[in-house]
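Accompanying notes for the structure given below.
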Amino acid sequence: MSLTIKLQLVSHLNINHNNNHANKLIKIKNNTFGNTLNFLPKPTFGNNSLTVTKKSNNKVKRRMQGNFMIKSSLIEPDGGVLVDLMVPENERESKVLEAKSLPNVKLTKVDYEWVHVIGEGWASPLKGLMRENEYLQSLHFNSLRLNDGSFVNMSLPIVLSIDDETKERIGSSSNVGLIGPDGDIVGILRSIEIYKHNEEERIARTWGTTAPGLPYVEEVIAPAGNWLIGGDLEVLKPIKYNDGLDNYRLSPKQLREEFDRRKADAVFAFQLRNPVHNGHALLMNDTRQRLLDMGYKNPILLLHPLGGFTKVDDVPLDVRMEQHSKVLEDGVLDPETTIVSIFPSPMHYAGPTEVQWHAKARINAGANFYIVGRDPAGMGHPTEKRDLYDPDHGKKVLSMAPGLEKLNILPFRVAAYDTKVNKMAFFDPSRAKDFLFISGTKMRSYAKSGENPPDGFMCPSGWKVLVNYYESLQTGEASQQPVLSS
């Protein structure tokens with residue numbers, strides 16, 4: 001994905017209009033863009049007694065059908081309830097014993113990441129691995145219909161595959177135990193449904209192509225079994241990776257509590273799977289200023305790197321997290337107004353289809369603004385020298401995707417390196433020759449070769465993290481070369 005990022009002033013605010021001020025437009029002069037923004041007053045949710053208005057700035061917690069009713073003061077979770085599928089601690093021992101007595105399904109590393117995603121409520125109101133009805137809605141409509149007839153966005157199927165032997169072993173059992181990659185009991189899947197896994201249809205509908213070389217397809221779908229198994233999920237132990245980064249993996253519930261603790265009146269989420277350069281920082285800092293200009297008093301940035309499966313040439317999560325910490329240490333982003341947390345989802349590289357999932361998950365985490373750039377969740381075509389997706393389609397799809405109306409989408413204009421001032425700046429087409437575009441591929445090429453990018457592209461300590469990483473790869477490769485005898 002290129003790291004040049006586009007901006008347009010598109011912000012569809014679809015606020016509950018059950019308040020006296022809902023229909024009054026406010027005009028604010030935006031000094032950055034030289035135009036006037038029309039927007040509705042800050043969100044105050046209406047007559048739902050289980051929802052707190054912004055003015056109270058309190059949380060509601062209520063046990064309801066096995067889920068916490070948790071809402072920050074900013075935006076309610078999809079379906080109105082933040083799903084939490086962790087079994088209470090006093091029930092875990094008996095549930096583990098039950099799980100051991102059931103037919104079991106062994107989870108891959110990516111399956112384990114999806115159990116993490118579902119169990120913490122990122123996919124609310126989904127309460128388990130998809131049964132066929134949910135799978136077909138997600139695959140063909142990018143949404144799920146709720147019991148009250150309303151829709152929530154759900155653009156990616158979240159499913160678990162099994163092979164013929166496992167299906168035979170499960171037999172007529174209505175429940176199965178889930179075994180993690182390390183051999184531990186992770187959960188129970190109840191009231192299961194097993195149905196046919198049409199891999200070609202799934203790939204074509206999700207990626208819009210069946211071309212060979214799609215990373216998620218090769219890692220997850222190609223080796224998958226002929227069947228999918230869905231059911232209600234119970235998570236029996238906290239999901240941990242023991243990689244030194246678990247303290248960064250805040251759940252939607254924890255993030256909402258942190259936003260309220262900081263008294264945030266706006267939360268803007270920025271997802272990335274690349275190191276943060278100064279162009280990213282320009283966009284994030286500019287967004288905060290725009291929100292301040294709109295009347296918000298304490299906008300908080302959720303810097304939310306993707307932490308699940310990524311393709312082999314992406315910078316690994318631990319390296320990215322170290323680089324992000326340097327960005328904060330150097331003051332490129334303000335630690336007082338920034339929360340860095342890991343989003344546990346695997347990456348599909350499915351472009352406009354996947355970016356809806358990324359946005360929807362941030363609703364459940366409590367963010368009411370979402371920054372979208374050029375070619376979000378995209379990649380180069382695996383067999384042709386071109387982008388797999390139109391780089392503008394992601395932001396266009398987000399601006400009209402069913403089920404995302406309550407989220408404010410913030411697309412951005414191009415940020416590039418301005419050679420006149422030696423820093424990242426918003427692209428000025430009237431002097432296009434003065435700007436240098438440094439893609440993610442080019443950035444990695446610089447780091448691999450040990451060549452420094454132009455001054456002002458990235459904070460020096462953050463760049464050093466990348467250079468050290470690629471040097472370590474080269475050292476490792478050199479040590480594995482066979483020594484030829486003379």
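The values are calculated or read from the model by the stated rules, or taken from the named source; none is laboratory data. The structure displayed is predicted, hence computed values, not measured ones. Every residue, glycine as well, gets a Cβ built from its backbone with ideal geometry; the counts of neighbours run over all protein chains shown. Ligands, DNA and RNA are stripped out before the accessible areas are found, and what is left, the full protein with its side chains, is counted by its heavy atoms. Shrake-Rupley method; radii C 1.70, N 1.55, O 1.52, S 1.80 Å.
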(message) Students often check this: by mean Cβ neighbours within 10 Å, which of 117-125, 240-248 ranks highest, and how do the rest follow?
(response) 117-125, 240-248
(request) Give the accessible surface of the stretch 301-445 per residue, rounded to a whole number of Å², with probe radius 1.4 Å and ligands, DNA and RNA excluded. (result) 34 Å²
(request) Provide the net charge surrounding Leu302, with neighbours chosen by a C-beta distance below 13 Å and charges set as Lys +1, Arg +1, Asp -1, Glu -1. (result) +3
(request) Calculate, for the stretch 89-235, the solvent-accessible area per residue in square angstrom, rolling a 1.4 angstrom probe over the heavy atoms of the protein chains. (result) 44 Å²
(request) Show the residues, 5+ positions off or on another chain, whose built amide H is closer than 5 Å to the amide H of Gly128. (result) Leu233
(request) Note down the nm distance, to one decimal, between modelled labels 7 Å out along Cα→Cβ at Asn226 and at Asp184. (result) 3.5 nm
(request) Return the loop-located GluC sites (Glu not before Pro) in the stretch 341-445 (DSSP other than H, G, I, E, B) with at most 10 other Cβ atoms within 10 Å of their own Cβ; answer none if there are none. (result) Glu384
(request) Heavy atoms only, probe 1.4 Å: what % of the accessible area of the stretch 246-470 goes to carbon and sulfur, would you let me know? (result) 50 percent
(message) So for the stretch 161-216, averaging the separation of alpha carbon pairs under 8 Å that are six or more residues apart and normalising by length, what relative contact order in percent results?
(response) 22 percent
(message) Compute the orientation-averaged projected area for the stretch 246-470 from the convex hull of its Cα atoms and round it to one decimal in nm².
(response) 12.8 nm²
(message) Under a crude label model (7 Å from the Cα following the beta-carbon direction), how far is Thr209 from Asp148 in nanometres?
(response) 4.1 nm
(request) Would you mind pulling out the separation of the Cα centroids of the stretch 135-201 and the stretch 409-464, in Å? (result) 43 Å
(message) If you roll a 1.4 angstrom probe over the protein chains with everything in place, what fraction of the accessible area of the stretch 89-235 belongs to carbon and sulfur, to the nearest %?
(response) 45 percent
